[in-house]
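Computed from the coordinates by the stated procedures, all read-outs in this text should not be read as laboratory data. Everything numeric here is computed off the predicted structure, so don't read it as measured data.
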């Protein structure tokens, strides 16, 4: 056995009575192919969502423990609240939840309810959802149509395979934030529960020959427009990309910009926006937004600790330490931020989405 299945970061905060734990893996609904040893495996993403829902409900019903399990495009994050006295016991509960799967006899009824819940959650504005998801996760070659099919055709064997490989044979990252009184050795001892070989996702970046949508027109229940932005993290330092998206979020705060962050790419949906490819700000505005981003970190880490621990994990899985970013941002100038934003915007991809009540559907490549 190895001791590197769990990589642990602990930020001790004596003023926090509670302890906030987030545990993450680089597995999500938009990734199908993985390499394990010398073999390549393909998994149905629907099985991952099914198991996440099952494990979450099992923790609540059998252990009276609220464990949130969030599945993103290329990340899955477990998060829960503990205390210094309960931490080791709660980690043991997590291990049991991680290993738990339904029996073959239980599966049909559980799957029936899962499919019903899924259908109800994705019944409105499906076309728009497809466009957004496929563009924002472009570098994973994600297809919403294939994703829907993976839900419909899910079998017990699919679930068993995802449990065997994606939950049992992958590296986990663990972030512990709060008043940790246990000796670090006691917590680190948990990481001895490992495996000798790990599974890794297969991600192939886009080539220069591949076409990326520039504009899309769709049927809609009302007339509205959105602008989509996508940044490939193979091409740009994640700290620069994240900073750019945070500045954009500040500037477009009245438009309720939606930002996606995962282990491969960043993306944004900007409602009621025409063009940001030539986006520029004066230095005074950049300084103002920089100060706001710093205050946001301080607010989350001080007042919204569970969300902070989840967000820290989300960024850490993508390759960015949130605390390091906060310290880095304190040191750089507005001029440096301006240069970094310009570079990120140059390498990013953009797509204008027009929804109209007229009967049309045109994809402009």
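List of remarks:
- Among 26, 68, 38, residue whose mean-square fluctuation peaks in a GNM of the chain (springs only between Cα atoms under 10 Å): 38
- Rounded to 5, percent antiparallel among DSSP beta bridges of the chain: 80
- Note on the chain: with a GNM built from Cα contacts shorter than 10 Å, the maximum mean-square fluctuation among 200, 272, 64 falls on 64.
- 25 °C / 0.890 mPa s Stokes-Einstein diffusion coefficient of region 216-356, Kirkwood radius on C-alpha pairs, µm²/s: 154
- The chain - mean residue ellipticity at 222 nm from DSSP helices (-39,500 (n - 2.57) per run, n ≥ 4, rounded to 500): -13000 deg cm²/dmol
- Candidates 140, 96, 55, ranked by Gaussian network fluctuation over the chain, Cα under 10 Å, top entry: 96
- The chain: C-alpha gyration tensor shape, a/c 1.5 cut-off, then a/b vs b/c: oblate
- For region 216-356, share of DSSP beta bridges that run antiparallel, in % to the nearest 5: 80
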